[in-house]
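The values are calculated or read from the model by the stated rules, or taken from the named source; none is laboratory data. None of the values given here were measured: they were computed from a predicted structure. FYI the Cβ positions are ideal-geometry reconstructions off the backbone, even for glycines, and counts take in every protein chain you see.
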Amino acid sequence: MHTRKLALVGAVTVAALAVPATASASPDTPVTVTVMGTSDLHGNTLNWDYFKNAEFTDSRGNHVGLAKVSTLVDKIRAERGADRTLLFDSGDTIQGTPLAYYYAKIEPVNETGKLHPMARAMNAIGYDAVTLGNHEFNYGLPLLATWVKQMKAPVLGANAVHARSGLPAYRPFVIKTMKVRGEKPIKVGVLGLTNPGVAIWDKANVEGRLRFTGLVQSAKKWVPVIRGLGADVVVVTAHAGDNGMSSYGGDLPVENASAMVAEQVPGVDAVLFGHAHNDVPQKFVTNKATGRQVLLTEPGRWGQRLSVLDFQLAKKRGEWTVVGKSSTTLNTNTVAEDPKIVSLMKEQHDTTVKYVNTVVAQSREQLSAAESPYKDTPILDYM
């Protein structure tokens with residue numbers, strides 16, 4: 001794609017997603033911008049275990065779901081000022097629970113026209129951008145396209161390109177503009193990168209339609225564009241772990257390349273990453289080209305954590321410059337569910353609970369799985 005076309009894409013994005021802000025600042029006082037982030041929600045809207053048919057908890061006392069996340073998000077917005085906060089997600093959103101399965105396979109939203117439960121909850125919470133994870137492709141491109149259309153937030157995936165043309169199949173990035181009274185606006189750019197492993201894991205759904213370029217390669221292409229459009233802060237939302245390794249062979253770009261992006265791509269201030277399901281409150285990686293520290297954080301999985309990244313910006317030679325940054329993760333088990341989200345999800349949640357508790361067969365005798373590791377048994381044949 002030519003530079004002129006890239007600039008046009010970015011310019012349209014900036015215009016469409018500017019947000020008003022009214023806080024004031026003096027030239028000598030740093031302004032703090034807060035980015036909140038989730039990842040690997042995997043269809044969890046409420047704190048519910050559909051397999052146990054009970055509220056979710058584990059041995060460490062974790063809770064799950066967007067209703068819990070929503071309460072924390074509201075708290076941060078109240079503390080920092082809604083005009084100084086943004087909310088992003090790093091992928092694996094529409095697969096993982098019976099709730100997500102039901103509205104993909106039993107009553108597919110791309111056939112019924114119903115609003116996907118994850119779109120319903122995320123729209124209500126007010127996400128600013130969401131990045132594609134590899135599991136977004138599990139149920140096929142038509143269902144994914146429906147969910148993308150239903151989302152109020154832009155759904156990003158810069159390195160998911162059309163197989164023939166190589167042009168982006170999804171939005172590569174967005175820029176959010178925050179007005180500062182009496183000062184130049186602050187622009188925060190977010191680049192979304194998905195996982196190259198989709199080409200293997202969902203080959204049946206994407207072969208001949210989509211290709212997936214490397215995270216580093218794609219970031220080197222798009223970060224200069226975002227900076228060229230005036231972004232003062234650049235955050236990469238990446239559905240990739242940070243260990244630099246892959247679960248597959250060398251034919252595809254590196255699977256877990258988040259730290260590589262931080263290390264090899266100039267102009268990145270922070271990486272909100274996912275895919276590995278780890279709780280990483282704060283990590284710094286030195287960029288080889290600039291020597292600057294890049295902030296990394298991962299908010300665990302299923303809505304158990306919310307990453308909170310703070311950027312301090314000050315005016316230098318008339319331009320906003322990041323002079324400080326830090327991050328942490330907040331545990332959602334410290335707050336109650338947002339009743340607004342609980343109410344919104346009730347109908348779809350109840351439908352799913354009824355579905356998973358429906359008796360599909362009965363056996364008149366006990367079926368043992370004791371010998372299943374080494375021979376065929378009726379219970380495994382049944383399952």
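Is one or more of the residues making up region 363-383 small (Gly, Ala, Ser), more than 20 Å from Phe51 (Cβ to Cβ) and within 35 Å of the chain's Cα centre (by Cα)? No. Just the residues that are outside any loop (DSSP other than H, G, I, E, B), within 16 Å of the chain's Cα centre (by Cα) and not hydrophobic (A, V, I, L, M, F, W, C), please, taken from region 49-84. Ser70 - this is the single residue of region 49-84 that is outside any loop (DSSP other than H, G, I, E, B), within 16 Å of the chain's Cα centre (by Cα) and not hydrophobic (A, V, I, L, M, F, W, C). Only a single criterion out of (1) closer than 23 Å to Gly96 by Cα; (2) crowded, with 18+ Cβ neighbours inside 10 Å is not satisfied by Leu313, namely (1).
Applying the set (1) on the phi < 0 side of the Ramachandran plot; (2) touching a strand residue (DSSP E or B) at 6+ places or on another chain (Cβ under 9 Å) to Gly126 leaves exactly one unmet item: (1).
Are any of the residues in region 236-251 touching a Gly at 6+ places or on another chain (Cβ under 9 Å) and either basic (Lys, Arg) or surrounded by fewer than 17 Cβ atoms within 10 Å (Cβ to Cβ) (or both)? The answer is yes, given that some residue of region 236-251 is touching a Gly at 6+ places or on another chain (Cβ under 9 Å) and either basic (Lys, Arg) or surrounded by fewer than 17 Cβ atoms within 10 Å (Cβ to Cβ) (or both). Residue check: is Ala336 more than 27 Å from Gln264 (Cα to Cα), more than 18 Å from the chain's Cα centre (by Cα), loosely packed, with under 14 Cβ neighbours inside 10 Å and of a type in the set (A, V, I, L, M)? Considered against the rule, which asks whether it is more than 27 Å from Gln264 (Cα to Cα), more than 18 Å from the chain's Cα centre (by Cα), loosely packed, with under 14 Cβ neighbours inside 10 Å and of a type in the set (A, V, I, L, M), Ala336 comes out as yes. In this structure, Pro154 does not qualify as modelled with pLDDT of 95 or more, in contact with a Ser or Thr (Cβ under 8 Å, 6 or more places away or on another chain), farther than 28 Å from Thr85 by Cα and of a type outside the set (Val, Ile, Thr).
A search for C-beta distances below 6 Å between a residue of region 123-136 that is farther than 11 Å from Ala238 by Cα and any residue that is part of a strand (DSSP E or B) and not charged (D, E, K, R), counting only pairs 6+ apart in sequence or on different chains, returns Tyr127/Leu87; Asp128/Leu86; Asp128/Leu87; Ala129/Phe88; Ala129/Leu156; Ala129/Val174; Ala129/Val190.
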